[in-house]
Amino acid sequence: MNADDKLNIEVLFSIAAACFALGFWIRRKEGVARAWTQSSGVIVTSKTVRQYAGHGRNEVLPIIEYEFDYQGQSFKTSHWRLGNYSVGNRTSAQVVTSRYPVGSSVTVFVNPRQPEKSVLETGASSLCWVPFGFGIFFLALFILIITMVQR
């Protein structure tokens, strides 16, 4: 095994490790909201919006706005989950808006440091699985190259 092979192997392993670390970081960040104070809120807007996504593409996003009270103050926000991640197609946006019809009561997970960034949903989104997928790919590539170099 020459120096270039070792460098390539180290780079692939580092990329895989970074992808896994990013996936775990996203999952942890999304899970933190479970421990936040809960408050009652009401949905005031629930709709889908088509917006330009660049390069001639459009995406459809859910817009969920809700009001709630926290420590004697009223808040109105649109963070239905951390990052408000959505796939961007009409079906996924409608799935989100169908969970939150206008006028419905909801449980709000209140961010004690920034109540205006509170959320309705906690837990891991599909976004966290993207880095894990890349991590698996680069780890498999790493193993394949190690196997080939060992021969």
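The values are calculated or read from the model by the stated rules, or taken from the named source; none is laboratory data. All values derive from a computational prediction rather than experimental measurement. For neighbour counting, all protein chains shown are included, and Cβ atoms are generated from backbone atoms with ideal geometry for every residue, glycine included. Note: areas computed on protein heavy atoms with side chains; ligands, DNA, RNA excluded. Shrake-Rupley method; radii C 1.70, N 1.55, O 1.52, S 1.80 Å.
Listed values, structure above:
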quantity: Protein-only accessible surface order, largest first, of 52, 66 at 1.4 Å; calculated: 52, 66
quantity: FRET efficiency, 1/(1 + (r/R0)^6) with R0 25 Å, evaluated for residue 78 and residue 53 via beta carbons; calculated: 0.85
quantity: Accessible-area order (highest first, 1.4 angstrom probe) of the listed residues 67, 30; calculated: 67, 30
quantity: The chain - accessible surface per residue (Å², probe 1.4 Å); calculated: 63 Å²
quantity: Accessible surface of the range 98-148, 1.4 Å probe, proportion on carbon and sulfur as whole %; calculated: 70 percent
quantity: Which of 45, 91 is most accessible, then next, and so on - probe 1.4 Å; calculated: 91, 45
quantity: Total formal charge among the other residues, if their Cβ is under 13 angstrom from that of residue 41, Lys/Arg +1 and Asp/Glu -1; calculated: -4
quantity: Rounded to 10°, Cα long-axis angle of helix 129-150 versus longest principal axis of the chain; calculated: 10 degrees
quantity: Under 5 Å, built H, 5+ apart or other chain: amide partners of residue 63; calculated: 47, 48, 49
quantity: Point-charge dipole on Cβ atoms (K/R +1, D/E -1) for the chain, about Cα centre, debye to 20; calculated: 180 debye
quantity: Accessible area (Å², 1.4 Å probe, nearest 10) - residue 7; calculated: 100 Å²
quantity: Near-label residues of the range 115-138 by backbone N, under 15 Å of a point 7 Å along Cα→Cβ of residue 38; calculated: 119-123
